Amino acid sequence: DAPIIFEFQAGFVAGVGYQDTSASVAVDYVSLIPDWGGFDDPARAYEIAMEMYEGGIDVIYHAAGGSGIGLFEAARDYSQTNETQVWAIGVDVDQYLQVADDLKPYVLTSMVARVDVVAHDVIASQAQGTFAGGIEHWDLSRNGVDYATSGGFIDDFVPTLEIIRQDIIHG
């Protein structure tokens, strides 16, 4: 429960609403500020995810750092126990590439923070003598965020996602 997390949440809620106006989004937090332990509590994330899956949620997007592994494990365990498929969405990096092979079938996609693009742009501006301090935002229009396609689970949706990306960039 922190302001930066609200931005992740807002994007997910907007995306769900864009896709299906009748869908609802449930929100829970691993910890509440000033307790920052929610970013490193996979056991609690597992518990929350299992409760959500048991309550009928079929896709969970986390923005909980190291706690995310608990979500991926819950997606695997719930899917296998109930002979169904639930999904987890990773954050910051392509988490499909980071998890163990037995968790990969449950990582639908990840929101990728393109730190490489930001670092390149900042270093290039310094080299060109145009660097100016201050707050800047690297959004879709600046390739500062992206989505992962590893695993192939969203391949059929990529053409539509690219149209939506352009729509967002153009307001």
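Quick rundown of the values:
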read-out	value
The chain: angle of helix 42-54 to the longest principal axis, Cα-based, in degrees nearest 10	60 degrees
Size of electric dipole in segment 1-105: Cβ of Lys, Arg +1 and of Asp, Glu -1, about Cα centre, debye, nearest 20	180 debye
DSSP bridge pairs, the chain: antiparallel proportion in percent, nearest 5	25 percent
Lys/Arg +1, Asp/Glu -1 at C-beta; the chain dipole; positive extreme among Y61, A88, A10	A10
Estimated 222 nm signal from helices in the chain, with DSSP H stretches of n ≥ 4 weighted -39500 (n - 2.57), rounded to 500	-13000 deg cm²/dmol
Long-range amide H partners of Y61 with built H, under 5 Å	I89
Whole-percent carbon and sulfur share, accessible surface of segment 38-171, 1.4 Å	54 percent
By average C-beta atoms within 10 angstrom, highest first, the peptides 3-16, 158-171	3-16, 158-171
Among (1) 19.5; (2) 13.0; (3) 11.7, the entry derived from the coordinates for mean projected area of the Cα convex hull in nm²	(3)
Degrees, to the nearest 10: 68-82 long Cα axis against longest axis of the chain	30 degrees
The chain: angle of helix 115-127 to the longest principal axis, Cα-based, in degrees nearest 10	10 degrees
Cα-Cα separations in segment 38-107 greater than 21 Å, expressed as whole percent	12 percent
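The values are calculated or read from the model by the stated rules, or taken from the named source; none is laboratory data. All figures in this text were calculated on a predicted structure; none of them were measured in a lab. Note that each Cβ is placed from the backbone with ideal geometry, even for glycine, and that neighbours are counted across all protein chains shown. Quick note on the areas: whole protein, heavy atoms, side chains included, nothing else; ligands and nucleic acids left out. Shrake-Rupley method; radii C 1.70, N 1.55, O 1.52, S 1.80 Å.
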